[in-house]
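In what follows, a structure is listed as structure tokens, so that the remarks can point back to it.
The values are calculated or read from the model by the stated rules, or taken from the named source; none is laboratory data. Keep in mind that what you see is a predicted model, and the values were worked out from it rather than measured. Glycine also receives a Cβ, built like all others from the backbone with ideal geometry; neighbour counts cover every protein chain displayed.
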């Protein structure tokens, strides 16, 4: 058992595996939505059962993905502390909570994941460690996809007759950004998980 500073290392490999699978599924569904939109010439009034099925699938996968990914984030943040990382901002609970706090959710989740990468790479001296530039790219794409998706939804809800073309374009942008964002996050999760498992073995054998 690896335990330091009141934190105990927990096996997060299953959560990491499922988070990555769901992120891949999310990317695939976004790709399918883009393909359908292009096949009908970006005409929102030609949407059919296939579009509805993919839209429902995206909602279901997004909810499942968010739950599992945030579960992994909590475990991984706690595990970084169990491996010896100190002075990490907030707590594992707050690492999840940042996603739901207005304004803070524009930048704090990025800071949390960046620091987790560094703390997983070198728990004892994480402040001096470097983080992958892919984390910045993931966060920019994540924000772009969510902002575009929110605009598209609001247009359809508030101006259902006039919003057709604009809503379709924003939906397309959202899906285009979501594909690389999901794939990059899956890569980030895999790398952080691998670094933590390597660090755990080093601590256990020390």
Inset, instruction - For the range 117-140, state whether one or more residues are part of a helix (DSSP H, G or I), surrounded by 20 or more Cβ atoms within 10 Å (Cβ to Cβ) and free of Cβ contacts under 8 Å to residues at least 24 places away in the same chain. - result: yes
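Could you say whether any residue in the range 14-28 is outside any strand (DSSP E or B), out of contact with any strand residue (DSSP E or B) (no Cβ under 7 Å at 6 or more places or on another chain), without any contact (Cβ under 8 Å) to a residue 12 or more places away in the chain and under 17 Å from residue 74 (Cα atoms)? I'd like the intermediate steps shown before the answer.
We begin by selecting, within the range 14-28, every residue outside any strand (DSSP E or B); these are 14-28.
Okay, now just the ones that are also out of contact with any strand residue (DSSP E or B) (no Cβ under 7 Å at 6 or more places or on another chain), so 14-28.
Next, from what is left, pick out any that are without any contact (Cβ under 8 Å) to a residue 12 or more places away in the chain: 14, 17, 21, 28.
Next cut, under 17 Å from residue 74 (Cα atoms) only: 14, 17.
Yes, there is a match, as at least one residue in the range 14-28 is outside any strand (DSSP E or B), out of contact with any strand residue (DSSP E or B) (no Cβ under 7 Å at 6 or more places or on another chain), without any contact (Cβ under 8 Å) to a residue 12 or more places away in the chain and under 17 Å from residue 74 (Cα atoms).
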Legend entry - Pair list, Cβ under 7 Å, 6 or more apart: the range 32-49 residue surrounded by 12 or more Cβ atoms within 10 Å (Cβ to Cβ), other residue modelled with pLDDT of 75 or more and assigned to a loop (DSSP other than H, G, I, E, B): 46/40
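Kindly establish whether residue 72 is over 20 Å from residue 115 (Cβ atoms), in a helix (DSSP H, G or I) and under 15 Å from the mean Cα position of the chain (by Cα). Quick ask: steps written out before the conclusion?
On the way: over 20 Å from residue 115 (Cβ atoms): no; in a helix (DSSP H, G or I): yes; under 15 Å from the mean Cα position of the chain (by Cα): yes.
Criteria not met by residue 72.
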Inset, instruction - Name, by its number, the condition in (1) touching a helix residue (DSSP H, G or I) at 6+ places or on another chain (Cβ under 8 Å); (2) touching a residue at least 12 places away in the same chain (Cβ under 8 Å) that does not hold for residue 156. - result: (2)
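Residues of the range 106-116 being part of a helix (DSSP H, G or I) and surrounded by fewer than 15 Cβ atoms within 10 Å (Cβ to Cβ), which ones?
Going through the range 106-116, the residues part of a helix (DSSP H, G or I) turn out to be 106, 108-116.
Residue satisfying the conditions is 106 alone.
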Inset, instruction - Name every residue in the range 75-104 that is over 24 Å from residue 204 (Cα atoms), touching a residue at least 24 places away in the same chain (Cβ under 8 Å) and outside any helix (DSSP H, G or I), in order of residue number. - result: 89
